[in-house]
Amino acid sequence: MKKSDIIKAWGRILTGHYPSLSIEITRECPLRCPGCYAYEPEHLGEAGPLRTLSDFKGDELIEGVLALVRKHRPLHVSLVGGEPLVRFRELNVLLPQLSAMGIGVQLVTSAVRQIPPEWAAIENLHLAVSIDGLQPDHDLRRKPATYDKILENIKGQHVTVHCTITRQQVGKLNYFRDFLAFWTPRAEVKKVWFSIFTPQIGAEPEELLTPAERAYVLSELSALRADFPKLELPQPVINGYANPPQSPSECIFSRTTINYTADLKSKISPCQFGGTPDCSQCGCFASAGLAAIGNHKLFGFVPVSSIFFASSAIGQKSAALFQPQE
């Protein structure tokens, strides 16, 4: 994150706004990926399972998203799903408008269909393609968004490959090296991110890593950085995975992002995972990345996180003070 972006984010926090906005723009997805947090029963709490919600299409979706952006005035918007490319026609209209507003947009997709070629020219648009490990594992979990289809559908784009590490991938010789060796030489791939599967409290899904496996993975990825420059995983981020926040109140990402689901009114809390995520086993790339910034010490001794939490408290009090009475 640039220094100028941090200063702008603090300005939003001090005035009681969220620097980041995340929106599930559709309830629909042609995939049925095991372990997908968006379709877990607890994801939306009392709002109900994602597939049961009413969502929007056409002008209603475009205007609904723009209304949330105008309300919250974020610096950054994440468009997720469901599968956002189900609404590619609406995105063809929406993305240029968000770009013209100077807002950075990250669109997270499985690349199950072709990414429109014209999107390659949109400023401030960042495409993250979710890929679950090497081809045999990925194609089994994410069919019909197979490797072959992804390779065809990202042509002409510049994407970030985002892999969530699950237990099925751990313990296989050179697994992550082979993954990076496949994806990083491709011109369409500008960088690679890794997250680690995050469970809900009390759940023990088959994707969950043991503490020993988690430590092994972090050591393995750290050793691979020198060989694969496109692997965006600096040591402070690895430290964030090794020492995750113990609660949402300690997570800078949770505290700086407001999340809406597909009806554009129900909020997802305490973070994009919803439900009761086990923060002690958090593997969220964004959380680890912001923790790395928070652990940086200004003047050599003042943690950025200390200033952030103080600013957040001021912003919350300011927002409450000036909120219009209903």
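What to note about this one:
- Three-way shape call for the stretch 3-318 based on the alpha-carbon gyration tensor, with the a/c threshold at 1.5: rounded
- Taking amide H positions as modeled 1.01 Å from N, with prolines and chain starts lacking one, the residues under 5 Å from His126 and 5 or more places away or on another chain are Val105, Gln106, Leu107.
- Taken one residue at a time, the phi angles of the stretch 106-115 give Karplus couplings (6.51, -1.76, 1.60, θ = phi - 60°) of 10, 10, 9, 9, 8, 6, 6, 9, 4, 6 Hz. Gly and Pro are set to x.
- Averaging the sequence gap over all C-alpha pairs within less than 8 Å and six or more residues apart, then dividing by the number of residues, gives the stretch 3-318 a relative contact order of 22 percent.
- Label-point separation, Leu140 to Asn124 (7 Å along Cα→Cβ), nm: 4.3 nm
- Neighbour cut-off at most 11 other Cβ (10 Å), DSSP loop, GluC sites (Glu not before Pro), the stretch 171-243: Glu206
- Projected label distance in nm at Asp148 and Lys71, using a 7 Å step from Cα toward the beta-carbon: 4.5 nm
- In this simple spin-label model, placing a label point 7 Å from the Cα along the Cα-to-Cβ direction at both Ser249 and Ala181 gives a separation of 4.8 nm.
- Classification of the stretch 33-155 by its C-alpha gyration tensor yields an oblate form. The axis ratio a/c (a ≥ b ≥ c) is 1.5 or more, and b/c is at least a/b.
- FRET efficiency estimate (nearest 0.05) - Cβ-Cβ, Thr52 to Lys190, R0 45 angstrom: 0.75
- The stretch 86-203: C-alpha gyration tensor shape, a/c 1.5 cut-off, then a/b vs b/c: prolate
- 3J(HN,Hα) from dihedral phi, the stretch 262-276, Karplus parametrisation 6.51/-1.76/1.60, rounded to Hz, x for glycine, proline: 5, 7, 6, 9, 7, 8, 9, 9, x, 8, 5, 6, x, x, 10
Just so you know, all these numbers are worked out from the coordinates, no wet-lab data involved. All figures in this text were calculated on a predicted structure; none of them were measured in a lab. Cβ sites come from the backbone with ideal geometry, for glycine too, and all protein chains shown count toward neighbours.
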